[in-house]
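The values are calculated or read from the model by the stated rules, or taken from the named source; none is laboratory data. What you are looking at is a predicted structure, and each value in this text was computed from that prediction instead of being measured. Ideal geometry is used to build each Cβ from the backbone, glycine not excepted, and the neighbour counts take in all protein chains shown. For the accessible areas, the whole protein counts, side chains as well, though only heavy atoms, and no ligand, DNA or RNA atoms are used. Shrake-Rupley method; radii C 1.70, N 1.55, O 1.52, S 1.80 Å.
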Amino acid sequence: MDDVVIVGGGHNGLVAAAYLARAGKSVRVLEKLPHVGGAAVSASPWEGVDARLSRFSYLVSLLPDQIAADLGLNLTLRSRSASSYTPNGKSGLLVERSPGEATLRSFEAVCGSLDDWDRWQRWYADLESMAAALAPTLLEPLVSREHLRVHVDAVVRGRLWEQVFERPIGATLQELFDNNLVRGVVATDALIGTHSSLHSLRANKCFLYHIVGNGTGEWKVPVGGMGAVTAELERVAREAGAQIVTGAEVTSVESDGKTASVTCGDSVFEARYVLSNVAPSVLGRLQGKEVHDAPGCQLKINMLLRKLPELKSGVDARLAFAGTFHLDESYDQLETAYLESAAGQVPSVLPGEMYCHSLTDPSILGPSLAGHETLTLFGLHLPASLFEGRNELLRDELVRRYLDQLNAHLVEPIQNCLAVDAAGKPCIEARTPLDLEEELGLPGGNIFHGELDWPFAETDDEIGKWGVETDVDNVFVCGAGSRRGGGVSGIGGHNAARAVLERI
């Protein structure tokens, strides 16, 4: 009998395996795909092309330094040279990593004054103070809402708790900023992977996780791509003694609360504890329960370019695409896209954002691709239901539309910049929520495995727990579907391992 069987070899499962094996426990990881890593992998989707793209998840913010230090991960996370660029007709809104004269000039050109820039600086200074206070609590047992509020109020002034936790983020942004474009740039962090109006607290939860990572909220580029993160986690888990089995699809999980049986093909593995690194709804099905999925809502487009395109605004493309390039993401455009998609319509204007990994980390491109660059686009407010019955057709239509919207800001069409594969086909691929469900097993393509939760106990009986518990005493959730899960963080894996070690 194993001490622990982990269902699913995504990054959180590997984190849990490493912690538990280092504590001397016998651990078995069962992964149905031929490789570990789940969505945190590097690969080339194009025949004969020597590139290692972060094919699904692509940036890292939430992975705590503590986990990297605890496990001895040899990772390099590199800052991008710009925070964001948002084209706006003949000009654009540039936010440098260390804001200087160019940032001030762009705010003045777009807004007509520096008032929104002054508010921007105060807002993000407060958010960073809050992030520094909240980030360490993500690796600790849950506390009450009131306890966490007092903790935040002690380090940051005024109404920030209300603005982030109690009042819809849309109302806060309308109050804070005058300019529609500025509001939209801030608002996108509330919508990545979340199908929500900005006037719902669902968006606030998404916003919180996007600005709290590692105490700074900065989203960094993993050198070597996301596969480098997974490779390190696999290395430390194996070195600690964890058994990792790929090509092993689990078909059922049974438990009486004291011992558990995990069926995989013709094999049945007995364990004292089971950790589920699959979505909670998938775990429910493995347990024979009736469950409901929370579908995803995004389109991911990967491209390889012979060269970066020139921008009509004259801004250096190496600066504009190094950070987040916001495409049709003003506040009003974001809210309209949500309302249209919630009504079952494909948005009339597609909001999306792009960045170029290779500008910050050229190591992902082989020697034969000297001078080439990658480009990744993440499309918002495209729920899985829109693709049902027409996945391929709508995928192709959306790719064309996104490229057309991008071309409105370019000197020449992006199609002219695309590299080609060994068969002479353009190096571009797209993945819808239904594609992610088929390829990765994510229900409805939800990148968070379900709805995000607040990082505090919702009820008194949750206080002191880890946010990974289920209704069965020896079955825990260790993935993105745990409380405080979502994103490439390892937090779910860490917390599930801690919960087990308290009991074993």
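In Å and on Cα atoms, what radius of gyration and Dmax does region 306-412 show?
Computed over the Cα atoms of region 306-412, radius of gyration and Dmax are 15.6, 48 Å.
I need the peptides 158-166, 445-453 ranked by packing, meaning the mean over residues of other C-beta atoms within 10 angstrom, with the highest value on top. Don't jump to the answer; show the numbers that get you there.
Working: 158-166: 16.3, 445-453: 23.3.
Ranking the peptides 158-166, 445-453 by packing returns 445-453, 158-166.
Just flag the trypsin sites (Lys or Arg not before Pro) in region 195-275 sitting in loop per DSSP whose Cβ has no more than 15 other Cβ atoms within 10 Å. Walk me through the intermediate numbers first.
Numbers: sites: ARG202, LYS205, LYS220, ARG235, ARG238, LYS258, ARG272; in loops: LYS258.
Of the trypsin sites (Lys or Arg not before Pro), the ones in loops of region 195-275 whose Cβ has at most 15 other Cβ atoms within 10 Å are LYS258.
How much mean residue ellipticity at 222 nm does the chain get from its helices, if each DSSP H run of length 4 or more adds -39500 (n - 2.57) and you divide by all residues, to the nearest 500 deg cm²/dmol?
Numbers: 16 runs with 165 residues, N = 504.
Rounded to the nearest 500, it is -9500 deg cm²/dmol.
Normalised by the number of residues in the chain, what is the relative contact order in percent for Cα pairs under 8 Å and 6+ residues apart? Could you put the intermediate results ahead of the total?
Working: 1123 pairs, mean separation 124.7, N = 504.
Relative contact order here is 25 percent.
Cut-off under 16 Å on the C-alpha distance; same-chain residues fewer than 8 positions from LYS90 excluded. Which lysines are left, in chain and number order?
Candidates past the 8-residue exclusion: LYS312.
Would you mind putting 331-344, 27-40, 65-78 in packing order, based on average other-beta-carbon counts within 10 Å, highest first?
Working: 331-344: 17.8, 27-40: 21.9, 65-78: 15.6.
Final packing ranking: 27-40, 331-344, 65-78.
Within the set LYS32/LYS220; LYS205/LYS465; LYS258/LYS465; LYS25/LYS258; LYS32/LYS465; LYS289/LYS465, which residue pairs have Cα atoms separated by over 26 Å?
On the way: LYS32/LYS220 29 Å; LYS205/LYS465 20 Å; LYS258/LYS465 19 Å; LYS25/LYS258 17 Å; LYS32/LYS465 30 Å; LYS289/LYS465 24 Å.
Violating the 26 Å Cα-Cα cut-off are LYS32/LYS220; LYS32/LYS465.
5 Å is the cut-off here: which amide hydrogens, built 1.01 Å from N in the peptide plane, fall below it relative to ALA457, excluding neighbours closer than 5 in sequence?
VAL143, SER144, ARG145
Once the Cα atoms of region 214-330 are picked out, what are the Rg and Dmax in Å?
Reported Rg and Dmax, both Å: 21.9, 65.
Rank-order 13-26, 468-481 by packing density, defined as the average count of other C-beta atoms within 10 Å over each peptide's residues, highest first. The partial results should precede the final answer.
On the way: 13-26: 25.4, 468-481: 23.3.
Most protected by this proxy first, the peptides run 13-26, 468-481.
Counting just the Cα atoms, what span does region 379-468 cover along each of its three principal axes? Round to the nearest Å and put the largest first.
Projected onto the principal axes, the Cα atoms of region 379-468 cover 59, 30, 26 Å.
Roughly speaking, what % of Cα-Cα pairs in the chain are separated by over 40 Å, rounded to a whole number?
Working: 24176 of 126756 pairs.
Tail of the P(r) past 40 Å holds 19 percent of the pairs.
For region 92-217, with every protein chain kept in place, what is the accessible area per residue (1.4 Å probe, Å²)? Could you put the intermediate results ahead of the total?
Values: 4770 Å² over 126 residues.
Value for region 92-217: 38 Å² per residue.
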